[in-house]
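A.B. asks: Structure below; questions to follow.
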Amino acid sequence: MRTVGYFIREARQRRKLSLVRLAQKTKIKSRYIAAIEKEQWQTIPNFVTASGFVRNIAGALEIDTEHAVALLRRDFQEPRQASYSVSTPRVVWTPKTTLILLSLVTVFLLTFYLVRQYLTYVAPPPLSARMHKNGGNAIEVSGKTDKEASVLVNNEPVLVTENGTFQLTITADSGQSLTIEARSRGGKTTKREIVVP
């Protein structure tokens, strides 16, 4: 099968032209003419360039230009170039993204609030208590708890202020044990035992 390289080489040799002489005549570098004759397509950048070279060479050699280009079209193989593609994730901020983010933040905050309220409801109330003698058998018991809790000292109800503090004066003998109990609305209790000195 005749190839474009063979067709051009045969015509050049019939005319007894060297590569250098043909290069001078066509103004195409001899290395490109040799590449076309040897069909080393990786030397030539693309088909358009190769087609221009073949037309020019065919004209200089006085051979059928269209036949030479048709052979080139059949034989030419684009040089393979290494392609490296690096894909980077692209984040595009849109109104939809903003809406989704705001919805997620709202759901998170609402969930956090509800869980916190639930844990506060089911947890026993905090309780700190102290006592000191006022003289004789009079004992002053004071402390702090949750403002929603009710406080009992030896099963006697005590008034809890708006900030959660309470205070009660009772009479008790030395060595007697006082039971202080704070009860939440959910029924959870915290107890402290204090022994009168």
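Since every read-out is calculated from the coordinates, none of them should be taken as a lab result. Quick caveat, the model's predicted, so the values are computed rather than measured. Heads up, the Cβs are rebuilt from the backbone with ideal geometry, glycines too, and the neighbour counts pull from every protein chain shown.
A.B. asks: Let me check against my output: what whole-number percent is the relative contact order of the chain, with C-alpha pairs under 8 Å and at least 6 apart?
C.D. replies: Computed over the chain, the figure is 14 percent.
A.B. asks: Based on DSSP H assignment, which helices of the chain show an axial Cα extent of at least 18 Å together with a mean Kyte-Doolittle hydropathy greater than or equal to 1.0?
C.D. replies: Membrane-span-like by this rule: 47-61, 95-122.
A.B. asks: Now for a separate question. Of the listed values [x] 74; [y] 53; [z] 60, grab the one calculated as percent of Cα pairs over 19 Å apart from the structure here.
C.D. replies: Evaluating percent of Cα pairs over 19 Å apart on these atoms matches [x].
A.B. asks: Within the chain, which is the longest segment containing none of the trypsin sites (Lys or Arg not before Pro) that sit in a DSSP loop and have at most 10 other Cβ atoms within 10 Å?
C.D. replies: Free of exposed loop sites, the longest segment is 91-197.
A.B. asks: Let me ask you something else. How many lysine pairs does the chain hold where the Cα atoms are under 16 Å apart and the two sit 8 or more places apart or on different chains?
C.D. replies: 4
A.B. asks: For the chain, what does -39500 (n - 2.57) per DSSP helix run (n ≥ 4), summed and divided by total residues, give at 222 nm, in deg cm²/dmol to the nearest 500?
C.D. replies: So the helix-based figure for the chain works out to -13500 deg cm²/dmol.
A.B. asks: If you project the alpha carbons of segment 85-197 onto their three principal axes, what span does each projection cover, largest first, in Å?
C.D. replies: 90, 28, 20
A.B. asks: With r defined as the distance between the Cβ atoms of LEU119 and SER177 and R0 fixed at 25 Å, what FRET efficiency is calculated, to the nearest 0.05?
C.D. replies: 0.20
A.B. asks: Looking at ASN155, LEU102, ALA123, which one has the Cα that reaches farthest to the positive end of the dipole of segment 70-188 (charges on Cβ: Lys, Arg +1; Asp, Glu -1)?
C.D. replies: Highest projection toward the positive end goes to LEU102.
A.B. asks: Using the basic label-point model (7 angstrom from Cα toward the beta carbon), what is the THR189 to ARG14 distance in nanometres?
C.D. replies: It is 12.0 nm.
A.B. asks: For LYS147, put the label point 7 Å out on the Cα→Cβ axis and report which residues of segment 175-197 keep their amide N under 16 Å from it.
C.D. replies: Under cut-off, by backbone N: 185.
A.B. asks: Near the amide H of LEU178, under 5 Å away, which other amide H atoms are found, from residues 5 or more places off or on another chain, if H is placed in the peptide plane?
C.D. replies: Those qualifying (amide H under 5 Å, at least 5 residues apart or on another chain) are ILE194, VAL195, VAL196.
A.B. asks: Under the Karplus relation 6.51 cos²θ - 1.76 cosθ + 1.60, θ = phi - 60°, what is the ordered set of whole-Hz ³J(HN,Hα) values for segment 140-146, x standing for Gly and Pro?
C.D. replies: 9, 10, 9, x, 9, 8, 6
A.B. asks: Using the crude model of +1 on Lys and Arg Cβ and -1 on Asp and Glu Cβ, and no other charge, please compute the dipole size for the chain relative to its Cα centre, in debye to 20.
C.D. replies: It comes to approximately 2100 debye.
A.B. asks: Let me ask another. Count neighbours as other Cβ atoms within 10 Å of each site's Cβ, and list the GluC sites (Glu not before Pro) in segment 1-68 that are DSSP loop with at most 13 such neighbours.
C.D. replies: Of the GluC sites (Glu not before Pro), the ones in loops of segment 1-68 whose Cβ has at most 13 other Cβ atoms within 10 Å are GLU62.
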